[in-house]
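Report on the structure given below.
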Amino acid sequence: MIARFCSCIFLALIWASASAAQAEQAGKIPRLCFLGNSTAELEANLIGPFREGLRSHGYIEGKNVFIVWRWAEGQYQKFPELIAGLIATNCDVMVTAGTPASLAMKKATSIPLVMTAVGDPVGTGLVASLAHPGGNVTGLSAIASDLEGKRLELLREVIPKISHIAVILNPTSPFQVISEKEMQDAAKAFNIKALSLGVKTEDDLPNAFTAILKNKPGALFVLADRLFLHLRTPLMDFALKHRLPGVHAYVELVEAGGLMSYGPSYGEMHRRAAYYVDRILKGTKPADLPVEQPTKFELVINLRTAKQIGLTIPPNVLARADRVIR
């Protein structure tokens, strides 16, 4: 009788312990870790859509999901330290933007990672393939066929006789090497000379500006790297001062005074990233979630800038714009 009684108590304790553990797990609020490349203020156009995407899946920050934000302030050398701090907070899902941040995160942890706006996730080794990512990484790629060539073609529609351009790129990013080659190939096909200038940090800007003034190109292109979101103001102030048109990768550069931008909707990518977060939190493995490519592209034109630098945007180009800044 005593043995049976003790056995019943033992089973009851096991059941109570298991129930408590299940209740604790059920009541656990998931924790996301977001690694940004610039600052919260400079990437507000991306953070907003990400939060909207989370809300569409029922997640309210501070209520049923926690988000730990960390910002590199345009200094990619900070990634290891920032990532170590994020890992220490016991995140359930990591979220990154751009190739350098995503590569640094994958190298540091096996925590599920949702990448956004990555140029070539297969070529840079982030995933095995778009359809079957494998490992702990999935998300959204910004890669599209001949994107640099399309940007250059847009500029030629505005300035048919353009013969010399300058290209700003970040040589520390594997994808920038790919984009720069694509731009050089497009320029060669159009018989345009392209001067490539590497900018790794803000300290490299003076040398790049000096080279531009010396070579006197007719336009300035800024390739897609999150560093240039952080440097958008000095870059576009320089372009405006020296009457340099360009078709840039990011709409934020046009909002800062650039002439035009053409590319995938980065805001839409961040909104869509919430879908991947939701699926992973509900148990799907990143390896089983195919990487998506962009389907929406946006042309933005700044007519104020066109007027300041003395350019007229042809009606057929203006008619194709998704947004015009007047």
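Say R0 is 25 Å: what FRET efficiency, to the nearest 0.05, do Leu205 and Glu153 get from their beta-carbon distance?
Working: r = 28 Å, r/R0 = 1.10.
My answer for the efficiency is 0.35.
Pulled fully out, how much extra length does the chain show between Thr39 and Ile325, if you take 0.36 nm times their separation in residues and subtract their Cα-Cα distance? Numbers along the way, then the final one.
Numbers: separation 286, 0.36 × 286 = 102.96 nm, distance 2.40 nm.
Contour length minus the Cα-Cα distance gives 100.6 nm.
Of Pro314, Val137, Ile325, which is farthest towards the positive pole of the chain's charge dipole, taken about the Cα centre with +1 and -1 on the beta-carbons of Lys, Arg and Asp, Glu respectively?
Pro314
In whole angstrom, and with the biggest value first, how far do the Cα coordinates of the stretch 173-212 range along each principal axis?
Sorted from largest, the Cα extents of the stretch 173-212 read 33, 24, 6 Å.
Would you calculate the convex hull of the Cα atoms in the chain and tell me its volume per residue in Å³? All intermediate terms of the calculation are to be shown ahead of the outcome.
On the way: hull volume 44.7 nm³, N = 326.
Spelled out: Cα convex hull of the chain, divided by residues, is 137 Å³.
With all pairs of different alpha carbon atoms counted, what Kirkwood hydrodynamic radius in Å does the stretch 46-90 show? Kindly include the intermediate steps, with their values, before the conclusion.
Working: mean 1/r = 0.0823 Å⁻¹.
Evaluated on the stretch 46-90, it is 12.2 Å.
For the chain, give me the percentage of DSSP beta bridges that are antiparallel, rounded to the nearest 5 percent.
If we restrict to bridges inside the chain, about 10 percent are antiparallel.
Where nothing but the Cβ of Lys and Arg (+1) and of Asp and Glu (-1) is charged, how large is the charge dipole of the chain around its Cα centre, in debye to the nearest 20? The partial results should precede the final answer.
Working: 35 positive and 29 negative charges, 66 e Å.
With only Lys, Arg, Asp and Glu charged at Cβ, the dipole is about 320 debye.
Return the calculated 222 nm mean residue ellipticity for the chain, to the nearest 500 deg cm²/dmol, obtained by summing -39500 (n - 2.57) across DSSP H runs with n ≥ 4 and dividing by the residue count.
Numbers: 13 runs with 141 residues, N = 326.
Counting only the DSSP helices, I get -13000 deg cm²/dmol.
Leu103: net charge of surrounding residues, Cβ under 15 Å, Lys/Arg +1, Asp/Glu -1, itself excluded?
Working: positive: Lys78, Lys106, Lys107, Arg226; negative: Asp120, Asp225.
Net local charge, Leu103 excluded: +2.
What residues have an amide H closer than 5 Å to that of Asn170, excluding those fewer than 5 places away on the same chain, when H is modeled at 1.01 Å from N in the peptide plane?
Amide H neighbours of Asn170: Val199.
Rounded to the nearest whole Å³, what is the per residue volume of the convex hull around the Cα atoms of the stretch 157-254?
Numbers: hull volume 8.7 nm³, N = 98.
Cα convex hull per residue, to the nearest whole number: 89 Å³.
Diagonalise the Cα gyration tensor of the stretch 81-207 and give the resulting equivalent ellipsoid semi-axes, square root of 5 times each eigenvalue, largest first, whole Å. The partial results should precede the final answer.
Details: eigenvalues 225, 62, 21 Å².
Ellipsoid semi-axes (Å, largest first): 34, 18, 10.
Determine the sum of side-chain charges near Gly62: Lys and Arg each +1, Asp and Glu each -1, restricted to other residues whose C-beta is under 13 angstrom from that of Gly62. Don't skip to the end; give the middle numbers.
Values: positive: Arg31, Arg51, Arg55, Lys63; negative: Glu61.
In short, +3.
How far, in nm, would the chain grow between Arg304 and Ala128 when pulled straight, counting 0.36 nm per residue and subtracting the alpha carbon separation? Mind dumping the intermediate values first?
Values: separation 176, 0.36 × 176 = 63.36 nm, distance 4.46 nm.
Contour length minus the Cα-Cα distance gives 58.9 nm.
Each label point is 7 Å from the Cα along the Cα-to-Cβ direction; what then is the distance between the points at Asp288 and Arg243, in nm?
6.1
Just want the answer: with Cβ charges of +1 for Lys and Arg and -1 for Asp and Glu, which residue in Val93, Val177, Phe79 is farthest toward the dipole's positive end in the chain?
Positive-end residue among those listed: Val177.
Magnitude of the Cβ-charge dipole of the stretch 186-295, K/R +1 and D/E -1, about the Cα centre, nearest 20 debye? If you can, show how the numbers build up before the last one.
On the way: 14 positive and 11 negative charges, 62 e Å.
Charge dipole of the stretch 186-295: 300 debye, to the nearest 20.
Any read-out appearing in this document is the output of simple, stated calculations on the displayed coordinates, not a laboratory observation. Everything quoted here is computed from the prediction, not taken from an experiment. Cβ coordinates were reconstructed from backbone atoms using ideal geometry, including for glycine residues, and neighbour counts include every protein chain displayed.
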